[in-house]
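Everything below concerns the one structure shown next.
The values are calculated or read from the model by the stated rules, or taken from the named source; none is laboratory data. None of these values were measured; they are calculated from a predicted model. Cβ placement follows ideal geometry from the backbone for every residue including glycine, while neighbour counts extend to all protein chains displayed. Quick note on the areas: whole protein, heavy atoms, side chains included, nothing else; ligands and nucleic acids left out. Shrake-Rupley method; radii C 1.70, N 1.55, O 1.52, S 1.80 Å.
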Amino acid sequence: MEKFLDELTKIVEDAFEASGYDGIYGKMSLSDRPDLCQFQCNGALPAAKAYKKAPFMIAKDVVEKLENSDVFEKVFTAGPGFINFIVKDTFLTQYLNSMKSEEKFGLKAAENPKTIIIDFGGANVAKPLHVGHLRSAIIGESIKRICKYLGHTVIGDVHLGDWGLQIGMVISELYRRKPELPYFDDNFSGEYPKEPPFTIDELSEIYPAASKLAKSDEAAMEAAKKATFELQKGKPGYIAIWKHILSVSTADLKKNYGALNVEFDLWKGESDAEEYIPDMLKYLNENNYTHKSEGALVVDVAKEDDTYEIPPIILLKSDGAVLYGTTDLATIVQRIKDYNPDEIIYVVDKRQGLHFEQVFRCAKKTNIADEKLKLQFIGFGTMNGKDGKPFKTREGGVMKLHDLIQLIKDNAKGKLKDDRDFSEEETEEIARIIGTAALKYGDLSNAVTKDYVFDLDRFSSFEGNTGPYLLYTVVRIKSILKKAAEDGVNASNSILTPTNNVERDLMLKLVKFGEAIEGSYEDKAPNKICEYLYDLSNLFNRFYHENKILSEEDLNKKASWIALLKLTLGILDTGLNLLGIESPERM
Ligand code: ARG
């Protein structure tokens, strides 16, 4: 089946053609005046130019053709040449009934499925995961799910920062603390210990200590740089420490991301691109893309019509060290070789926009990425505190993700009043689900590029445009369905035509599911799903308040309502799932 608007468009296109006009003018859209009509078509206005005729006359011709349609209750002209539509209730329910029986509610999978790599998460090993990485994880996970839902092959890659100076910092700090470890003994020839020389807690303390020292102590900074250099040249003891850092960090990251329902198909990192760098540089040099600038090896990426300055991308510093851009470029090489993707989407802080612009331009200019590979940067805004500055702990430090999740969970727990008969265990689980929903929805409901204020109380409120409100709606529907089942009332096979306005409004929202999901895919905008789900929840709750579902005496009507509720629940659950949000059985 087609999306609802497309279905309507087909009919109106035919009416344009039957009146002697080109069908392309028959495109339908949502109504700008929901008080007057449900849908509209503005095509008579551009058609008027093409046919040198008054738009009103064209609109009138089309309306005439649709007079006896079994799809539209009312078709009428308005203003200079708009056509307004109200669909027949029978058509509406017929569509709902097909949605109900189709997989994905009738939403068709992409005709040409693409292979899409999503680069998100982007945590740096050895450093604790902080709220700065939160948005990448939350948004990337949702975009990943949306692309998958539409039938694309999607590969989520965490792309760890695992090869930079922070590793050298940890190595040199470890040497300062435990010089006797075999990793530092150049004459050591045995096998290095299997047990890591630190726990995650120690590791999380080592890095900040080293970084602090390096800021004030030049010798310490030099030692960290030297260690990084030697690591990258493959010094065995350092590689062994690096592997420990990687395994300890990764285990911790998996736990943290897991708590957020964020999962990756690949746990690759910057280090995995390393082996591709020499050949890549050789190719770039041989094809004269590079030149030397103040000792560094660079590629120019500026274009004539640039409105701001785009500096050359530096591939090698004068000391021979590779940079962030070099790694990202080599990662593109690696991904093409391993997966031959159609698209690579990067979900990263928008402040890295210039970096990606340079990398993408260089990849295209040098044919590392051919024309058909789409490279897309999705830059997100900052999560701020109420003071409008990047979110911090109350003491002013960087908030660790783990602590933030705990904070939200505790808040949710406080709201689950103790008059409920939940066991301790169930309370914990429900608090976890509500807390994550509050956090994720609070983030995803904003347009990706926007900065937003993290407001614990607002995000976790059970009312308003929040995650918990949506969960509350889902739980309400589940509980009605459960009671109905206990009363022996089953959903009817088909949903009957609406008996009141709010029921019709709810139905009209449900049929727009396909449009909402595709819109969010096109724009890579999970906030569009949030908007849809919020509207749907509001309509459902109005429907619930205006109709006594469980005490309805007309059993046909009641059974139809139960079917309508089931469909609403299915769509809410699907939408939440695309946001990466779970829903509880009760709360
Ligand atoms: N590790 C980086 C950071 O914390 C983010 C990585 C983003 N992905 C990429 N391919 N550069 O800033």
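Scanning the range 143-182 for residues that are among the small types (Gly, Ala, Ser) and open to solvent by less than 10 Å² (accessible area, probe 1.4 Å) returns 156, 161, 168.
Residue-wise test of (1) modelled with pLDDT of 95 or more; (2) open to solvent by less than 20 Å² (accessible area, probe 1.4 Å).
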{"site": "313", "(1), (2)": "yes, yes"}
{"site": "317", "(1), (2)": "no, no"}
{"site": "345", "(1), (2)": "yes, yes"}
{"site": "362", "(1), (2)": "yes, yes"}
{"site": "373", "(1), (2)": "yes, yes"}
{"site": "385", "(1), (2)": "no, yes"}
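For the range 421-450, the candidate set comprises residues that are assigned to a loop (DSSP other than H, G, I, E, B) and at pLDDT below 95; within that set, the residue that is most open to solvent (accessible area, probe 1.4 Å) is 421. Condition test on residue 398, is it touching a residue at least 12 places away in the same chain (Cβ under 8 Å), among the aliphatic types (A, V, I, L, M) and open to solvent by 70 Å² or more (accessible area, probe 1.4 Å)? Yes; evaluated as a whole, the condition is true for this residue. Screening residue 314 on (1) away from the ligand (no atom under 16 Å from the Cβ); (2) within 31 Å of the chain's Cα centre (by Cα); (3) free of Cβ contacts under 8 Å to residues at least 60 places away in the same chain shows it passes everything except condition (1). With respect to residue 375, is the statement that it is within 16 Å of the ligand (Cβ to nearest atom), touching a Lys or Arg at 6+ places or on another chain (Cβ under 9 Å) and either among the hydrophobic types (A, V, I, L, M, F, W, C) or more than 30 Å from residue 309 (Cβ to Cβ) (or both) true? Yes: the conditions hold for residue 375.
Filtering the range 269-288 to residues that are within 15 Å of the ligand (Cβ to nearest atom) and of a type in the set (Asp, Glu) leaves 270, 272, 274. For residue 231, state whether it is at pLDDT below 95, more than 16 Å from the ligand (Cβ to nearest atom) and either open to solvent by 50 Å² or more (accessible area, probe 1.4 Å) or among the aliphatic types (A, V, I, L, M) (or both). Spelling it out, residue 231 is indeed at pLDDT below 95, more than 16 Å from the ligand (Cβ to nearest atom) and either open to solvent by 50 Å² or more (accessible area, probe 1.4 Å) or among the aliphatic types (A, V, I, L, M) (or both). Just one of (1) farther than 24 Å from residue 198 by Cβ; (2) within 12 Å of the ligand (Cβ to nearest atom); (3) of a type outside the set (Lys, Arg) fails for residue 149. It is (2). Out of 444, 496, one residue alone is under 21 Å from residue 412 (Cα atoms), of a type outside the set (Val, Ile, Thr) and in contact with a Ser or Thr (Cβ under 8 Å, 6 or more places away or on another chain). It is 444. Each residue in the range 331-343 was checked for being open to solvent by 60 Å² or more (accessible area, probe 1.4 Å) and not hydroxyl-bearing (Ser, Thr, Tyr), and 3 pass.
Residues in the range 549-560: is at least one closer than 21 Å to residue 512 by Cα and either open to solvent by 10 Å² or more (accessible area, probe 1.4 Å) or not in a helix (DSSP H, G or I) (or both)? Checked against the condition, which is being closer than 21 Å to residue 512 by Cα and either open to solvent by 10 Å² or more (accessible area, probe 1.4 Å) or not in a helix (DSSP H, G or I) (or both), the range 549-560 yields no hits at all.
With respect to the stated conditions, residue 102 is away from the ligand (no atom under 12 Å from the Cβ) and closer than 16 Å to residue 574 by Cα. When you check residue 324 against the structure, is it within 12 Å of the ligand (Cβ to nearest atom), over 20 Å from residue 287 (Cβ atoms) and hydroxyl-bearing (Ser, Thr, Tyr), yes or no? It is true that residue 324 is within 12 Å of the ligand (Cβ to nearest atom), over 20 Å from residue 287 (Cβ atoms) and hydroxyl-bearing (Ser, Thr, Tyr). When the range 116-142 is filtered for residues that are within 14 Å of the ligand (Cβ to nearest atom), open to solvent by less than 10 Å² (accessible area, probe 1.4 Å), assigned to a helix (DSSP H, G or I) and of a type outside the set (Gly, Ala, Ser), the ones remaining, listed by number, are 134, 135, 139.
Looking only at the range 401-420, count every residue that is open to solvent by 100 Å² or more (accessible area, probe 1.4 Å) and touching a residue at least 40 places away in the same chain (Cβ under 8 Å) and tell me the total. Going through the range 401-420 one residue at a time, the tally reaches 1. Could you tell me whether the range 470-484 includes any residue that is out of contact with any helix residue (DSSP H, G or I) (no Cβ under 7 Å at 6 or more places or on another chain), in a helix (DSSP H, G or I), under 19 Å from residue 562 (Cα atoms) and among the β-branched types (Val, Ile, Thr)? For the range 470-484, residues out of contact with any helix residue (DSSP H, G or I) (no Cβ under 7 Å at 6 or more places or on another chain), in a helix (DSSP H, G or I), under 19 Å from residue 562 (Cα atoms) and among the β-branched types (Val, Ile, Thr): present. Exactly one residue among 361, 351 is basic (Lys, Arg), under 27 Å from residue 282 (Cα atoms) and assigned to a helix (DSSP H, G or I), and that residue is 361. Only a single item in (1) in contact with a Phe, Trp or Tyr (Cβ under 9 Å, 6 or more places away or on another chain); (2) at pLDDT 95 or above; (3) open to solvent by 50 Å² or more (accessible area, probe 1.4 Å) is not met by residue 254, and it is number (2).
Just give me the residues in the range 370-420 being of a type in the set (A, V, I, L, M) and in a strand (DSSP E or B), in sequence order. Across the range 370-420, the qualifying residues are 375, 378, 383. Counting only residues that are within 13 Å of the ligand (Cβ to nearest atom) and either of a type outside the set (S, T, N, Q) or within 16 Å of residue 117 (Cα to Cα) (or both), the range 334-362 holds 17 of them.
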